[in-house]
There are 2 protein chains.
Amino acid sequence: LDTRVLEEARDRQDRMTKPPGSLGVLEDISVQLAGLAGECPPPIPEPAAVAVFAGDHGVHAQGVTPWPQEVTAQMVHNFLEGGAVVNALARQVGAGVTVVDVGVVGDLPGAAGLLPRKVARGTADFTRGPAMTREQALQALEGGIEVARDLVSAGNRCLVTGDMGIANTTPAAALVCAFTGADPARATGRGTGVDDATFEHKVDVVRRALAANPVDPADPIGTLAALGGLEHAALAGFVLGGAALRVPVLLDGVIAGSAALAAAAISPEALGACFAGHRSSEPGHSLALDHLGLRPLVDLELRLGEGSGALLALPLLQGAARVLRDVATFDDAGVSTAHA
Amino acid sequence: LDTRVLEEARDRQDRMTKPPGSLGVLEDISVQLAGLAGECPPPIPEPAAVAVFAGDHGVHAQGVTPWPQEVTAQMVHNFLEGGAVVNALARQVGAGVTVVDVGVVGDLPGAAGLLPRKVARGTADFTRGPAMTREQALQALEGGIEVARDLVSAGNRCLVTGDMGIANTTPAAALVCAFTGADPARATGRGTGVDDATFEHKVDVVRRALAANPVDPADPIGTLAALGGLEHAALAGFVLGGAALRVPVLLDGVIAGSAALAAAAISPEALGACFAGHRSSEPGHSLALDHLGLRPLVDLELRLGEGSGALLALPLLQGAARVLRDVATFDDAGVSTAHA
């Protein structure tokens, strides 16, 4: 972040026709956007593109979710038909939707809006060894970087993370444990909704995955390979790609949060481009946000994924930039200031 | 709210292609919108209009704020020029801005976007007696009802509350005390930002106002007249007017919250149309929201007023309705459901 521009943006916030500090967190967001862009006021982060990275998970065989694995591919179809929540919210806020197959088990027919970047037909069951090879993790990561680059080349000025992958909160919990040191009982959540027995089992599965894969968080690629999903690795690359281009990356829930932990471990500067769209009800997401020092913009107990929470926050991010661009200063507007 | 439609909306939320409950608070919002409209799915609440009710306050003479009273009129001018935060955020989310003079001290030249509905040149100092006569409070209330009716007649499908009035958090705190029973020390905030000494003085002013005006909260008009501002009374009418037309009313901060307490005391059913856009950092606002049973959509420490917090929440309200309209069901999309 450009420190001179950060200072300029803070100064402008204090001269605009409103009490200093009265826009709360929105002021911090606007300052970060300016520092990221290297100019004050910053460009409004629009148009925005949500990339939904889809993958399957070998750990699904361990019975961590009541949803059949085929739902991943079915939901990809639903995204491409425009019938899912991510589509509805993207339409409402004016964002485009791109689906990226990084690791769906089944074959997906070519379609407009689908980027075929399949690295593998799902990951391996990480309770028995690494989920991916190091090469697979790197390939997915590079795929994410390329998607970010292509979306920005196409004119997008904001990247929004999305994900789809039945069972993908299980690797997310494992990644949160590896990068934050949290115990699986604290980092594991109920995902799309599991009963008490399945939840206890899921915690045990995460614990066994960590035992089967002794990772070093200082080796983020190795950690992603052992404990991640293909969409988690791709999302880490997506964050890095956006940050390298100084484009804001609006993060969705625990999948993006766990990927951002990996991205920050690879390149701490990438966090300067990251904005936490929301806090999901997955406990591992709060652990990730705390570890990253990110404050969520929306906190409404969503636990869907797809990019839904981040899309809700998109107008707030855009509004923060718009305020810094459009609002008159006391001098310009001829408005009196407070007595000292 | 139409209970049959509420049921229909809940059922539809459970059949859409997402885990049941996974949209958290957004599902509740969508159900309330359906029940309010009497149809499922409900219309998307757009276009939206923010009405900024402006007034001055006799209690300003007690030194409750460092801002000169003339700033109220200067900011009205700023709104009409499009240079304030409310204008910037309204542009970002596609809402129209209307300013309503219900009680500014000075004369305001006629201008496009300004509705002249002046009831008085500010209120009286309520530490020495009632802020308004009962007739003035009723006239302001009726003015607010009419503004709601006119904006809906003009095609708006969502009403957003806004306010401007130097010193207006002081009467808001007094109203919160009267309607919730809270002590002034808990209900009073720092408004646009006052130092410790001024804050202590402000608490004392609220306490003296309550002592000078023994009100009965079961007489909400009398309470508004004694302790309110003209914009608070008008906003209570705006809420009632929107609710009567079954149009959602998106509430901003503590000024709207205190007005909603009065509106709910007049007609409890009006709450069915109310959505809390945000939680401001004014402590009285949280007391009002708790008393009303409203959960804020955005919670980012804003304390500006003007309608800024509510405008940030507008896309969330619209997104909630959009989801219920657009998202495919499991049956329609051919997506498998979870195993029982």
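The values are calculated or read from the model by the stated rules, or taken from the named source; none is laboratory data. Remember, it's a predicted structure, so these values are computed and weren't measured experimentally. Note: ideal-geometry Cβ built from the backbone for every residue, glycine included; neighbour counts use all protein chains shown. In case anyone asks, the SASA skips ligands and DNA or RNA and just uses the protein heavy atoms, side chains included. Shrake-Rupley method; radii C 1.70, N 1.55, O 1.52, S 1.80 Å.
Just wondering, is there one or more residues in the range A:151-164 that are open to solvent by 10 Å² or more (accessible area, probe 1.4 Å) and free of Cβ contacts under 8 Å to residues at least 12 places away in the same chain?
So far as the range A:151-164 goes, yes, one or more of its residues are open to solvent by 10 Å² or more (accessible area, probe 1.4 Å) and free of Cβ contacts under 8 Å to residues at least 12 places away in the same chain.
Can you report the number of residues in the range A:20-41 which are open to solvent by less than 10 Å² (accessible area, probe 1.4 Å) and among the polar types (S, T, N, Q)?
Number satisfying all stated conditions: 2.
Any idea how many residues of the range A:88-100 are open to solvent by 10 Å² or more (accessible area, probe 1.4 Å), more than 14 Å from chain B (Cβ to nearest Cβ) and of a type outside the set (Ser, Thr, Tyr)?
Let us first name the residues in the range A:88-100 that are open to solvent by 10 Å² or more (accessible area, probe 1.4 Å), namely A:91-98.
From what's left, more than 14 Å from chain B (Cβ to nearest Cβ): A:96, A:98.
Filter again for of a type outside the set (Ser, Thr, Tyr), leaving A:96.
Residues that pass the stated criteria total 1.
List, please: which pairs have Cβ atoms under 6 Å, are six or more places apart or on different chains, and start with a residue in the range A:297-312 that is without any contact (Cβ under 8 Å) to a residue 60 or more places away in the chain and end with one that is surrounded by fewer than 24 Cβ atoms within 10 Å (Cβ to Cβ) and assigned to a helix (DSSP H, G or I)?
A:Leu300/B:Val25; A:Glu301/B:Val25
The rows are residues; the columns are (1) assigned to a helix (DSSP H, G or I); (2) surrounded by fewer than 21 Cβ atoms within 10 Å (Cβ to Cβ).
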site	(1), (2)
B:Arg186	yes, yes
B:Arg190	no, yes
B:Phe199	yes, yes
B:Val203	yes, yes
B:Ala211	yes, yes
B:Asp216	no, yes
B:Leu224	yes, no
B:Glu231	yes, no
B:Ala236	yes, no
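If I ask for residues that are without any contact (Cβ under 8 Å) to a residue 40 or more places away in the chain and of a type in the set (D, E, K, R), which ones from the range A:258-289 would you list?
Matches in the range A:258-289: A:Glu269, A:Arg279.
Has the range B:274-285 got at least one residue that is surrounded by fewer than 24 Cβ atoms within 10 Å (Cβ to Cβ), more than 8 Å from chain A (Cβ to nearest Cβ) and modelled with pLDDT of 95 or more? Give the steps one after another, and end with the answer.
Here is the first cut: in the range B:274-285, the ones surrounded by fewer than 24 Cβ atoms within 10 Å (Cβ to Cβ) are B:279, B:281, B:283.
Right, trim to more than 8 Å from chain A (Cβ to nearest Cβ) and you get B:279, B:283.
Then drop every residue that is not modelled with pLDDT of 95 or more, which leaves B:279, B:283.
For the range B:274-285, residues surrounded by fewer than 24 Cβ atoms within 10 Å (Cβ to Cβ), more than 8 Å from chain A (Cβ to nearest Cβ) and modelled with pLDDT of 95 or more: present.
Scan the range B:316-340 for residues that are among the hydrophobic types (A, V, I, L, M, F, W, C) and without any contact (Cβ under 8 Å) to a residue 12 or more places away in the chain and report the count. Lay out the reasoning, then the answer.
Pass one, the range B:316-340, residues among the hydrophobic types (A, V, I, L, M, F, W, C): B:316-317, B:320-321, B:323-324, B:327-328, B:330, B:333, B:335, B:338, B:340.
From what's left, without any contact (Cβ under 8 Å) to a residue 12 or more places away in the chain: B:340.
Final tally of qualifying residues: 1.
Residues B:Ala124, B:Ala137, B:Ala131, B:Ala111: which one is among the hydrophobic types (A, V, I, L, M, F, W, C) and either outside any loop (DSSP other than H, G, I, E, B) or within 14 Å of another protein chain (Cβ to nearest Cβ) (or both)? I'd like the intermediate steps shown before the answer.
Working: B:Ala124 fails: either outside any loop (DSSP other than H, G, I, E, B) or within 14 Å of another protein chain (Cβ to nearest Cβ) (or both); B:Ala131 fails: either outside any loop (DSSP other than H, G, I, E, B) or within 14 Å of another protein chain (Cβ to nearest Cβ) (or both); B:Ala111 fails: either outside any loop (DSSP other than H, G, I, E, B) or within 14 Å of another protein chain (Cβ to nearest Cβ) (or both).
Every option except B:Ala137 fails the conditions.
Which condition breaks for A:Val254 when tested against (1) within 14 Å of chain B (Cβ to nearest Cβ); (2) in contact with an Asp or Glu (Cβ under 9 Å, 6 or more places away or on another chain); (3) surrounded by fewer than 24 Cβ atoms within 10 Å (Cβ to Cβ)?
All conditions pass for A:Val254, except number (3).
Within the range B:116-132, how many residues turn out to be touching a residue at least 40 places away in the same chain (Cβ under 8 Å) and exposed (fewer than 15 other Cβ atoms within 10 Å of the Cβ)?
Residues flagged as touching a residue at least 40 places away in the same chain (Cβ under 8 Å) and exposed (fewer than 15 other Cβ atoms within 10 Å of the Cβ) within the range B:116-132 amount to 2.
In the range B:25-68, how many residues are touching a strand residue (DSSP E or B) at 6+ places or on another chain (Cβ under 7 Å), under 18 Å from B:Leu314 (Cβ atoms) and among the acidic types (Asp, Glu)?
Here the count works out to 1.
For the range B:1-87, which helices (runs of 4 or more DSSP H) that fit wholly inside it have 1 or more residues that are within 24 Å of A:Val298 (Cβ to Cβ) and at the interface with another protein chain (Cβ under 10 Å from one of its Cβ atoms)?
On the way: elements: B:3-15, B:25-37, B:71-81.
Passing ranges, in order: B:25-37.
So how many residues does the range A:42-74 have that are open to solvent by 10 Å² or more (accessible area, probe 1.4 Å), in contact (Cβ under 8 Å) with a residue 60 or more places away in the chain and not charged (D, E, K, R)?
Going through the range A:42-74 one residue at a time, the tally reaches 13.
Of all residues in the range B:288-303, which are closer than 18 Å to B:Thr169 by Cα, surrounded by fewer than 24 Cβ atoms within 10 Å (Cβ to Cβ) and within 14 Å of the chain's Cα centre (by Cα)?
B:Leu289
Yes/no per residue for (1) under 18 Å from B:Phe238 (Cα atoms); (2) hydrophobic (A, V, I, L, M, F, W, C):
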| position | (1), (2) |
| --- | --- |
| B:Ala90 | no, yes |
| B:Gly106 | no, no |
| B:Ala112 | no, yes |
| B:Lys118 | yes, no |
| B:Pro130 | no, no |
| B:Gln136 | yes, no |
| B:Ala154 | yes, yes |
| B:Ala178 | no, yes |
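For the list (1) buried (at least 23 other Cβ atoms within 10 Å of the Cβ); (2) more than 7 Å from every other protein chain (Cβ to nearest Cβ), I need the number of the one condition that B:Pro315 fails.
With (1) buried (at least 23 other Cβ atoms within 10 Å of the Cβ); (2) more than 7 Å from every other protein chain (Cβ to nearest Cβ) applied to B:Pro315, the lone miss is (2).
For the range B:319-331, give me each residue that is under 9 Å from B:Met16 (Cβ atoms) and at the interface with chain A (Cβ under 7 Å from one of its Cβ atoms). Don't jump to the end; show me each part of the working.
Filtering the range B:319-331 down to residues under 9 Å from B:Met16 (Cβ atoms) leaves B:323-324, B:327-330.
Within the range B:319-331, B:Val323, B:Val327, B:Ala328 meet the criteria.
Can you pull out every residue in the range A:149-169 that is acidic (Asp, Glu) and either at pLDDT below 95 or in a strand (DSSP E or B) (or both)?
A:Asp163
Quick one: in the range B:101-115, of everything that is open to solvent by 20 Å² or more (accessible area, probe 1.4 Å) and not hydrophobic (A, V, I, L, M, F, W, C), which residue is farthest from B:Asp125 (Cα to Cα)?
B:Gly113
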